[in-house]
């Protein structure tokens, strides 16, 4: 008895010839609900963080009358002059210059200190490196000793001086040493040995070679400390009785007390204070991502 071969369906033949393709399609179908949930969660997070900024921008473009009539509605007649008025009436030009000086110098010094502290600990050039790393983590949870800081600045003659404020803000390195020690684990020790064989000294290697290898994490350390310096208001209130030395946050606080009923001008002033950090983040966000990924994967 002869058996007549029956032609297999095209789909079955394709599955037999390319089983990996079929498996990939099944995997895609299973992961599709998870991907949808992930996108929904990300959308919720974006809305939570973006809505206040959009609301603030919308309010800053309204006239005071339009805000009182319809505080939550979209702006009908944008008043871009609110930003110019807030800038002039709040004397923000001087305050912004002060904050730029404090932020760049203090964050730069703090980044250098984080590198100088983190490098010997990560390489084991000091005794008990694990203990030092534990201390770095513990310092993040210690409260600010404002009375001690005030007395220290007063007795050292640094009270009401830009230098005293910069040095105190720079000393608050925060998470910087932890980031540096974590990222350094991704850099082979052989590079240290090769640089030493080429005649590079300790300081030369640390300040010439390492910054090129650690650009992402050093940028992240700088940004995080810059945010802390730029947003500081408590220490500045304690150390600066002279208004000409105020940072922009104290200028905004004084502006709020004067124009507390003019919500449009107050919103414009708030955006003026927040804009530099937003712009800096947009340009440096790739370094933030590279630092996190590099320290987590390579370390």
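Values in this text are rule-based calculations from the coordinates and carry no lab data. The shown structure was predicted, so the numbers you read here are calculated from the model rather than taken from an experiment.
Computing Rg and the Kirkwood Rh from the Cα coordinates of segment 96-250 gives a ratio, Rg/Rh, of 1.03. Once the Cα atoms are used to define both axes, helix 19-60 deviates from the longest principal axis of the chain by about 20 degrees. Relative contact order of segment 26-163: 11 percent, from C-alpha pairs under 8 Å at least 6 residues apart in sequence. For segment 135-226, the square roots of the Cα gyration tensor eigenvalues, ordered a ≥ b ≥ c, give a/c of at least 1.5 with a/b greater than b/c, which places it in the prolate category. Just checking the listed ones, 101, 74, 167: in the Gaussian network model of the chain with Cα springs under 10 Å, the one fluctuating most is 74.
Taking every DSSP helix (H) stretch of at least 4 residues in the chain, weighting each as -39,500 (n - 2.57) and dividing the sum by the residue count yields a mean residue ellipticity at 222 nm of -23500 deg cm²/dmol.
GNM on the chain, alpha-carbon springs under 10 angstrom: the most fluctuating residue among 137, 194, 93 is 194.
Among 258, 148, 249, the residue with the largest mean-square fluctuation in a Gaussian network model of the chain, with springs joining Cα atoms closer than 10 Å, is 148. Per residue, the average separation of C-alpha pairs within less than 8 Å and at least 6 apart gives segment 90-298 a relative contact order of 36 percent.
The value obtained for the chain, namely the Cα convex hull volume divided by the number of residues, is 261 Å³ per residue.
From largest to smallest, the equivalent ellipsoid semi-axes obtained for segment 25-85 from the alpha-carbon gyration tensor read 41, 10, 8 Å.
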